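Okay, so here's the structure we're looking at.
The values are calculated or read from the model by the stated rules, or taken from the named source; none is laboratory data. Predicted model, so just to flag it, every value in this text is computed and none were measured. A quick note on method: Cβ atoms are made from the backbone with ideal geometry, for glycine too, and the neighbour counts reach across all protein chains shown.
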Amino acid sequence: MSISTLDWIIIIFFLILFAGIGIYVSKQAGKDSKAFFLSGRNMPWWLLGVSMVATTFAADTPGLVTQLVREGGVSGNWVWWAMLLTGMLTVFFYARLWRKSNITTDLEFYELRYSGKIAGYLRGFRAIYLGVIFNVITMAGVCLAGAKIANILLGISQSEMLIYSSIIVVIYSAFGGLKGVLITDFIQFIIAMIGSIWATIYIVNLPEIGGTTNLLTHINVKDKLALLPDFSNTEALITVLIIPLAVQWWSTWYPGAEPGGGGYIAQRMLAAKNEKHATWATLFFNVAHYAIRPWPWIIVGLASLIIFPNLESINQTFPSLSASMQGEDVAYAAMMTYLPSGLIGIVLLSLIAAFMSTISTQLNWGSSYIVNDFYKRFINQDASDKKQVLVGRISTISLMILAALFSFFLQSAGEVLNLLLQIGAGTGLLFILRWFWGRINPYSEIAAMVISFVIAVFFFINGKLETPMIELAGHWQLVFGVVVTTIGWILVTLLTKPTDANTLNSFNSLIFGSESKFKGFGMKILGFFCGVIGVYSMLFAIGNFIYGKNGLAIGLVATTILCALVIIRSFKSTK
C-alpha cells in the first residue's frame with residue numbers, strides 16, 4: 001500500500017471543507033445557546049436521521065464488527081443487533097414525547113419530572129456524569145480506534161494522530177455548533193458509506209480471496225456465516241442471543257441505544273421541526289444503522305480470516321503495533337492496506353469522516369450538558385447567550401483533550417463496549433418507566449446510577465489485575481449488574497417519597513395533555529413489533545442475497561414491505 005499525492009489531495013481537501021463549514025455557520029450558531037446546541041429547532045427528519053447514523057458510525061465501529069465476526073462469526077453481532085429493540089421503543093413510544101417537552105437537553109427532564117432541590121442536584125450531577133465521565137470514555141474508545149487505523153495505514157503514532165485530527169474536529173464543533181455538526185455529518189456519512197462499500201468490493205475480488213463464492217466456501221469462513229448462533233452451543237447461545245435479547249436491550253444504557261431515548265439521540269429529536277420529524281428521524285436511524293450499514297464490515301471481517309487467520313499473523317505483519325494496540329479489531333485496518341493508490345485515499349477519508357462525525361457529536365452533546373445543565377443552572381444563572389456559547393466552546397476543547405488522554409488506558413473496541421454496557425447495566429428499565437410510573441423519583445435515579453457505576457468500576461479494575469479477585473465471564477458480569485442495580489433502585493423507589501403531585505400533574509399535562517398517557521398503546525405496540533421484525537427481515541434479506549439464497553431473501557423482502565405498511569398505518573392512527 002502507498003499513499004499517493006492524489007490520496008493526500010482528497011483527504012486534505014475534505015478536511016479543509018469540514019473546518020470551513022464550521023467557520024461558515026459560526027456566526028449563526030453563535031447567536032444564542034439554542035442555535036448552538038439545537039440549531040433553532042427547525043431541522044428536517046432526513047438530516048437528523050443521517051446525523052444519528054453518522055454518529056454511530058465511529059472509527060471503532062468497523063473494528064468492533066470485525067472483532068465480533070472473527071471471534072464469534074456473523075452471529076456474534078447480536079450483542080449489538082439486539083439493541084434494535086431499544087431503538088424501536090424510542091420510535092413508537094418516546095420520540096414524540098421528547099419533542100413535546102420542548103427542552104434544550106434531555107437532562108432538563110429531571111426538573112420537569114421531579115420536584116425539590118434534589119431534582120436540580122440530580123440534573124447537575126448527571127450533567128458531569130454523562131457529559132464528562134461517560135462521554136470521555138466513549139470518545140476515548142473512538143480515539144483509540146482512530147489511532148490504530150492511523151498507525152497501520154499511515155505509520156503515525158497515537159499521539160500524532162490525536163493531535164492532527166483533534167484540531168479539525170474541534171474547529172467545526174466549537175465554532176459551528178449543532179448545525180455545523182449536522183451538515184458535516186451528512187457529507188461524512190456519504191463519504192463513509194462510499195468508502196466502506198467500495199473497499200469491500202475490491203477486497204472480495206483480491207486474488208487472495210477470489211470472489212464471493214470462494215470467500216463463503218473457504219475453510220476459515222464457512223463455519224462463521226450463520227446469522228443465528230449454534231443452538232447446541234449453550235454458552236454461545238446465552239452470551240450472544242439470549243442475554244442481549246432477554247436482558248440487555250431494556251436494562252442497559254448505551255450511547256445511541258438509550259432505553260426511552262437520551263443523549264445525542266434525544267438532542268436530535270429536540271432539534272426537529274416537530275414531533276413527526278422527530279419520529280421519522282429516529283425510524284430512519286434504526287433502519288440504516290441495523291439493516292443497511294453492517295454488511296460491508298461483516299464481509300471484510302470474513303475476508304480478514306483468510307489473509308490474517310489469527311492474531312499472531314496480524315502482529316507479525318505489523319510489528320510496529322504496541323502491545324496495548326494489538327487485538328482482533330485491528331484486522332479491519334489491516335485489510336485496508338491491500339487497497340490500491342487512489343482508493344486508499346477515499347477509504348482513509350471515510351474512516352477519518354467516521355471518526356470526526358462521532359467525536360463532533362459527542363463534543364457538542366457533552367458541552368450542551370456542561371453549559372445548560374451545570375454552568376447556567378448552578379454557576380451563572382444570568383449568563384448571556386454569548387457567554388454560554390463561549391463556555392460551550394471551551395468545554396468542547398477540554399472534552400477533546402480528556403478523551404485523547406484517556407484513550408491511552410484502553411486496548412480494544414470490545415473492551416470499551418463492555419465497559420459502557422456495564423456502567424449502564426440495570427438503569428434502562430428506570431428510563432423506560434419514568435414517563436409512565438409516577439412513583440419513580442430522583443432517589444430512584446441516584447440509586448441506579450451509583451450502584452451500576454460502582455459495580456462497573458469494580459469489574460473493570462478486577463479485570464486489569466494479574467490475579468482477579470473474582471473470575472466471572474463478561475456476560476454474567478452484565479447480568480449481575482442488571483439484577484443488583486434494578487433491585488436496588490426499585491427498593492429505593494418504594495422506600496422514598498414520590499414526586500410532588502403538582503409537579504407530576506404539570507409534567508403529565510405538558511407531555512400528554514388532557515389525553516390518557518396510555519392512549520394508542522395497542523397500535524404503538526403493533527408498530528414496535530413490526531418495526532423490529534421489518535428491520536431484522538431487511539438485515540437478513542441483504543445477508544441472504546450475499547449468500548446466494550435468493551428465494552429466502554425475496555421472502556424476507558416481502559416481510560419487510562408488509563411491516564412497513566403496518567408501521568405507516570400505526571403512525572397515522574397515533575397522531
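Name the pairs: first residue in the range 238-249 and over 14 Å from Phe480 (Cβ atoms) and free of Cβ contacts under 8 Å to residues at least 12 places away in the same chain, second residue among the small types (Gly, Ala, Ser) and crowded, with 21+ Cβ neighbours inside 10 Å, Cβ to Cβ under 7 Å, at least 6 apart or on different chains?
Note: no pairs meet the criteria.
Restricting to the range 222-260, give me the number of residues that are touching a Gly at 6+ places or on another chain (Cβ under 7 Å), farther than 19 Å from Arg434 by Cβ and of a type in the set (Val, Ile, Thr).
Qualifying residue count for the region: 1.
Looking at the range 208-278, what helices (runs of 4 or more DSSP H) fall wholly within it and have at least 1 residues that are at pLDDT below 90 and over 24 Å from the mean Cα position of the chain (by Cα)?
Ranges flagged: 234-237.
Which number in (1) in a helix (DSSP H, G or I); (2) in contact (Cβ under 8 Å) with a residue 40 or more places away in the chain; (3) over 22 Å from Ile359 (Cβ atoms); (4) among the hydrophobic types (A, V, I, L, M, F, W, C) marks the one condition that Phe109 misses?
Phe109 satisfies all of (1) in a helix (DSSP H, G or I); (2) in contact (Cβ under 8 Å) with a residue 40 or more places away in the chain; (3) over 22 Å from Ile359 (Cβ atoms); (4) among the hydrophobic types (A, V, I, L, M, F, W, C) except (2).
Pick from Leu539, Leu565: which is part of a helix (DSSP H, G or I), crowded, with 16+ Cβ neighbours inside 10 Å and among the hydrophobic types (A, V, I, L, M, F, W, C)?
Values: Leu565 fails: crowded, with 16+ Cβ neighbours inside 10 Å.
After applying the criteria, what remains is Leu539.
Any residue at all in the range 123-137 that's surrounded by fewer than 22 Cβ atoms within 10 Å (Cβ to Cβ), of a type in the set (Gly, Ala, Ser), part of a helix (DSSP H, G or I) and modelled with pLDDT of 75 or more?
Looking through the range 123-137, at least one residue is surrounded by fewer than 22 Cβ atoms within 10 Å (Cβ to Cβ), of a type in the set (Gly, Ala, Ser), part of a helix (DSSP H, G or I) and modelled with pLDDT of 75 or more.
Quick check: is even one residue across the range 68-82 within 24 Å of Val566 (Cα to Cα), touching a helix residue (DSSP H, G or I) at 6+ places or on another chain (Cβ under 9 Å) and either crowded, with 22+ Cβ neighbours inside 10 Å or not hydroxyl-bearing (Ser, Thr, Tyr) (or both)?
yes
Can you say whether Phe545 is within 30 Å of His218 (Cβ to Cβ), surrounded by 14 or more Cβ atoms within 10 Å (Cβ to Cβ) and among the hydrophobic types (A, V, I, L, M, F, W, C), as far as the supplied structure shows? Steps first, please.
Numbers: within 30 Å of His218 (Cβ to Cβ): yes; surrounded by 14 or more Cβ atoms within 10 Å (Cβ to Cβ): yes; among the hydrophobic types (A, V, I, L, M, F, W, C): yes.
The answer is yes for Phe545.
Spot the failing condition for Phe521; the list is (1) touching a residue at least 12 places away in the same chain (Cβ under 8 Å); (2) at negative phi, and only one is missed.
Single failed check for Phe521: (1).
Ile194 passes all but one of (1) farther than 20 Å from Thr337 by Cβ; (2) assigned to a helix (DSSP H, G or I); (3) at pLDDT below 90; which number fails?
Every condition holds for Ile194 apart from (1).
When you scan the range 551-573, do you find a residue that is touching a helix residue (DSSP H, G or I) at 6+ places or on another chain (Cβ under 6 Å) and closer than 30 Å to Asn418 by Cβ, even just one?
Scanning the range 551-573, I find no residue that is touching a helix residue (DSSP H, G or I) at 6+ places or on another chain (Cβ under 6 Å) and closer than 30 Å to Asn418 by Cβ, so the answer is no.
What helices (runs of 4 or more DSSP H), lying completely within the range 44-83, carry at least 1 residues that are over 17 Å from Val142 (Cα atoms) and charged (D, E, K, R)?
Numbers: elements: 45-56, 60-72, 78-81.
Output list reads 60-72.
May I ask you to list the residues in the range 39-59 that are at pLDDT below 70 and surrounded by 24 or more Cβ atoms within 10 Å (Cβ to Cβ)?
So the first thing to find is which residues in the range 39-59 are at pLDDT below 70, and the list is 39-40, 58-59.
Result: Ser39, Ala58, Ala59.
Give me a count of the residues in the range 336-387 that are surrounded by fewer than 21 Cβ atoms within 10 Å (Cβ to Cβ) and polar (S, T, N, Q).
Number of matching residues: 5.
With respect to Tyr332, is the statement that it is buried (at least 22 other Cβ atoms within 10 Å of the Cβ), out of contact with any Phe, Trp or Tyr (no Cβ under 6 Å at 6 or more places or on another chain) and closer than 13 Å to Ile152 by Cα true? So that I can check it myself, show each step before the final result.
Details: buried (at least 22 other Cβ atoms within 10 Å of the Cβ): yes; out of contact with any Phe, Trp or Tyr (no Cβ under 6 Å at 6 or more places or on another chain): yes; closer than 13 Å to Ile152 by Cα: yes.
For Tyr332, the condition - buried (at least 22 other Cβ atoms within 10 Å of the Cβ), out of contact with any Phe, Trp or Tyr (no Cβ under 6 Å at 6 or more places or on another chain) and closer than 13 Å to Ile152 by Cα - is met.
Inspect the range 246-263 for any residue being farther than 21 Å from Met449 by Cα and out of contact with any Lys or Arg (no Cβ under 8 Å at 6 or more places or on another chain) and give the result as yes or no. I'd like the intermediate steps shown before the answer.
Restricting attention to the range 246-263, the residues satisfying the condition of being farther than 21 Å from Met449 by Cα are 246.
The next check asks that each one be out of contact with any Lys or Arg (no Cβ under 8 Å at 6 or more places or on another chain); those that pass are 246.
Yes; the residues of the range 246-263 include at least one that is farther than 21 Å from Met449 by Cα and out of contact with any Lys or Arg (no Cβ under 8 Å at 6 or more places or on another chain).
Pick from the range 337-360 the residues that are more than 27 Å from the chain's Cα centre (by Cα) and either under 30 Å from Pro255 (Cα atoms) or of a type in the set (Ser, Thr, Tyr) (or both): which of them is modelled with the highest pLDDT?
Once the filter is applied, the top-ranked residue is Tyr338.
Criterion first (within 20 Å of Phe529 (Cα to Cα), modelled with pLDDT under 90 and of a type outside the set (Phe, Trp, Tyr)) does Val79 satisfy it? First the steps, then the outcome.
Working: within 20 Å of Phe529 (Cα to Cα): yes; modelled with pLDDT under 90: yes; of a type outside the set (Phe, Trp, Tyr): yes.
Yes.
Is the range 147-166 home to any residue that is under 22 Å from Tyr264 (Cα atoms), crowded, with 24+ Cβ neighbours inside 10 Å and touching a residue at least 12 places away in the same chain (Cβ under 8 Å)? Walk me through how you get there before you give the answer.
Our first condition is that a residue be under 22 Å from Tyr264 (Cα atoms); within the range 147-166, this holds for 165-166.
So of that shortlist, the ones also crowded, with 24+ Cβ neighbours inside 10 Å come out as none.
Within the range 147-166 (the criterion being under 22 Å from Tyr264 (Cα atoms), crowded, with 24+ Cβ neighbours inside 10 Å and touching a residue at least 12 places away in the same chain (Cβ under 8 Å)), the answer is no, since none of the residues qualifies.
If you check every pair at least six apart or on different chains, which have Cβ atoms under 8 Å apart with a residue in the range 122-143 that is aromatic (Phe, Trp, Tyr) first and a residue that is crowded, with 22+ Cβ neighbours inside 10 Å and part of a helix (DSSP H, G or I) second?
Listed by first residue and then by second, the contacts come to Tyr129/Met449; Phe134/Ile423.
Picking from Thr239, Thr212, Thr217, which residue would you name as being in contact with a His (Cβ under 7 Å, 6 or more places away or on another chain), hydroxyl-bearing (Ser, Thr, Tyr), under 25 Å from Ser304 (Cβ atoms) and surrounded by fewer than 24 Cβ atoms within 10 Å (Cβ to Cβ)?
Numbers: Thr212 fails: in contact with a His (Cβ under 7 Å, 6 or more places away or on another chain); Thr217 fails: in contact with a His (Cβ under 7 Å, 6 or more places away or on another chain).
Sole residue among the options that is in contact with a His (Cβ under 7 Å, 6 or more places away or on another chain), hydroxyl-bearing (Ser, Thr, Tyr), under 25 Å from Ser304 (Cβ atoms) and surrounded by fewer than 24 Cβ atoms within 10 Å (Cβ to Cβ): Thr239.
The conditions are (1) in contact (Cβ under 8 Å) with a residue 12 or more places away in the chain; (2) under 20 Å from Ser444 (Cα atoms); (3) of a type in the set (A, V, I, L, M); (4) surrounded by fewer than 17 Cβ atoms within 10 Å (Cβ to Cβ), and Leu495 fails exactly one of them. Which is it?
Condition (1) is where Leu495 drops out.
Looking for something surrounded by 18 or more Cβ atoms within 10 Å (Cβ to Cβ) and within 30 Å of Ser157 (Cβ to Cβ) - is there at least one such residue anywhere in the range 268-284? Give the derivation first.
Taking the range 268-284 first, the residues surrounded by 18 or more Cβ atoms within 10 Å (Cβ to Cβ) are 268-272, 277-284.
So of that shortlist, the ones also within 30 Å of Ser157 (Cβ to Cβ) come out as none.
Scanning the range 268-284, I find no residue that is surrounded by 18 or more Cβ atoms within 10 Å (Cβ to Cβ) and within 30 Å of Ser157 (Cβ to Cβ), so the answer is no.
Hand me the list of helices (runs of 4 or more DSSP H) wholly inside the range 409-526 holding 1 or more residues that are among the polar types (S, T, N, Q), modelled with pLDDT of 90 or more and closer than 24 Å to Ile137 by Cβ.
Numbers: elements: 413-423, 428-433, 442-464, 474-495, 501-512.
Filter on the range 409-526 gives 442-464, 474-495.
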